[in-house]
Amino acid sequence: MSPTKRGTLAKRTADSVQALLQALDAATADLDPPFAVVDLDAFDANAADLLRRAGGTPVRLASKSVRCRALADRALGAGLRGILAFTLPEALWLAGAGAEDVVVAYPTVDREALRELADGAARERVTVMVDCREQLDLIPAGAGPVRVCIDVDAGWWPLGGRVRIGAKRSPLRTPEQATALAREVARRPGLKLDGLLMYEAQIAGVGDRPRNPVLGAAVRVMQRASAHELAARRAAVVAAVRAVAPLRFVNGGGTGSIERTAAEPVVTEVAAGSGLLAPALFDAYRAFAPRPAAFFALPVVRRPSARVATVLGGGYPASGPAGRDRLPRPALPAGLRLDRQEGAGEVQTPLLGPAAADLRIGDRVWMRHAKAGELCERFDVLHLVQGGRRVATVPTYRGEGRSFL
Ligand SMILES: Cc1ncc(COP(=O)(O)O)c(C=O)c1O
């Protein structure tokens, strides 16, 4: 994409966010902030775009990036298939409520939940993640085999492994290591090998259009080389494991890598979630421009000086390496920024910038979270807006009394 096109895209996004937020304002005028809103028109458009980008490869919903059952159901209704859950208790809860194909994306050592899985009907609907024998040892014998998925490292290790780029996940990396664990699973009557997962965080979760163009160029070089290496290794790992036991699925990727991951013939499904709500960190990708769908409103409660407007609350930083990109971003009115010294505060957040001077006590400011699902750990409900009207208010996981991580 040329720099001119990039500039146009960024501007268009800013303009449409402005128009959207004015509509959200009208749709929620009777509510007292703080509250959170999801724009269903944007959410639906984003779901359609994820499916388009996958080009026919099924897209499994990463539930950590939604954390609201009504929105998960809406995504599944739009055509996403199956759930990539983030804890086993969550998966058991969802399966108990009717979810049919739930893969827990991260290993579990929760003995009580594993016992419930092994003994109960959820065994037919829930798959747990493993990457070592100790995790297998924790799965108790039950009424029938427990489904397991093997997680294999998808990081990029240039310079003979002296540099390691990617999430520190599985110790398994080679076809030999993966097949050794697959054989161990096959040997145990209480287990059934169900799938294989390789998640390339360094491609799917790292924006290739950051503010700093030099960094952007470096990210793109890294991602191209990593994708090239991974395609060959993933094919070899899948072939080797399939020679040990059949696989129902091979899962890879995330919102930021869908087209690349789906293009690999051995991948049977991609995972995605963040692209539905399109939080601030997902503004920084070249291949796609999701419509921001999740916002929260905060009230202006004081004016410490003519240039500063202070809102109540706002200190909802996102997980990951602590840095400014993890902080919520003021979205409307345009022309607001956080204070460098105070950032987003536990109980109050001072806002600076040209628009701050015009804010009055009682006005509201719209913010975006840096990440997708974590916003739902801050609010009991989400107000859903469609066609410029508020159409429903639905509970988040937290609002249902469920907080898994
Ligand atoms: C295993 C796995 N797959 C996929 C994803 C991608 O999720 P999202 O599309 O929300 O970025 C993640 C995110 O961390 C993940 O851990």
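Observations on the model:
- Inclusion of Thr255 among residues that are touching a strand residue (DSSP E or B) at 6+ places or on another chain (Cβ under 8 Å), within 16 Å of the ligand (Cβ to nearest atom) and open to solvent by 20 Å² or more (accessible area, probe 1.4 Å) is not warranted.
- In the range 373-405, the qualifying residues are those that are hydroxyl-bearing (Ser, Thr, Tyr) and open to solvent by 40 Å² or more (accessible area, probe 1.4 Å), and the one that is nearest to Glu90 (Cα to Cα) is Ser403.
- Looking only at the range 1-25, and only at residues there that are loosely packed, with under 12 Cβ neighbours inside 10 Å and either modelled with pLDDT of 65 or more or among the aromatic types (Phe, Trp, Tyr) (or both), the one that is farthest from Val365 (Cα to Cα): Asp15
- Among the candidates Leu76, Leu71, Leu92, Leu61, residue that is at pLDDT 95 or above and assigned to a strand (DSSP E or B): Leu61
- For the residues Gly144, Gly205, the requirement of being open to solvent by 10 Å² or more (accessible area, probe 1.4 Å), within 16 Å of Ala118 (Cβ to Cβ) and at pLDDT below 95 singles out Gly144.
- The range 151-170 - residue that is away from the ligand (no atom under 16 Å from the Cβ) and either of a type in the set (A, V, I, L, M) or open to solvent by 30 Å² or more (accessible area, probe 1.4 Å) (or both) and, of those, modelled with the lowest pLDDT: Gly160
- Single residue of Ala344, Ala370 found to be open to solvent by less than 10 Å² (accessible area, probe 1.4 Å) and either within 15 Å of Phe296 (Cβ to Cβ) or in contact (Cβ under 8 Å) with a residue 24 or more places away in the chain (or both): Ala370
- Each residue in the range 96-113 was checked for being open to solvent by less than 10 Å² (accessible area, probe 1.4 Å) and away from the ligand (no atom under 13 Å from the Cβ), and 2 pass.
- Applying the criterion of being more than 12 Å from Thr255 (Cα to Cα) and open to solvent by 10 Å² or more (accessible area, probe 1.4 Å) to the residues of the range 268-282, the residue that is farthest from the ligand (Cβ to nearest atom) is Thr268.
- Sole exception among (1) within 12 Å of the ligand (Cβ to nearest atom); (2) part of a loop (DSSP other than H, G, I, E, B); (3) open to solvent by 30 Å² or more (accessible area, probe 1.4 Å) for Pro317, by number: (1)
- Given (1) touching a helix residue (DSSP H, G or I) at 6+ places or on another chain (Cβ under 7 Å); (2) surrounded by fewer than 24 Cβ atoms within 10 Å (Cβ to Cβ), index of the condition Ala231 fails: (1)
- If the condition is being within 11 Å of the ligand (Cβ to nearest atom), in a loop (DSSP other than H, G, I, E, B) and of a type in the set (Gly, Ala, Ser), then the range 190-206 contributes only Gly205.
The values are calculated or read from the model by the stated rules, or taken from the named source; none is laboratory data. All figures in this text were calculated on a predicted structure; none of them were measured in a lab. Please note: Cβ atoms are built from the backbone with ideal geometry, for glycine as well, and neighbour counts cover all protein chains shown. With ligands, DNA and RNA removed, areas are computed over all heavy atoms of the protein, side chains included. Shrake-Rupley method; radii C 1.70, N 1.55, O 1.52, S 1.80 Å.
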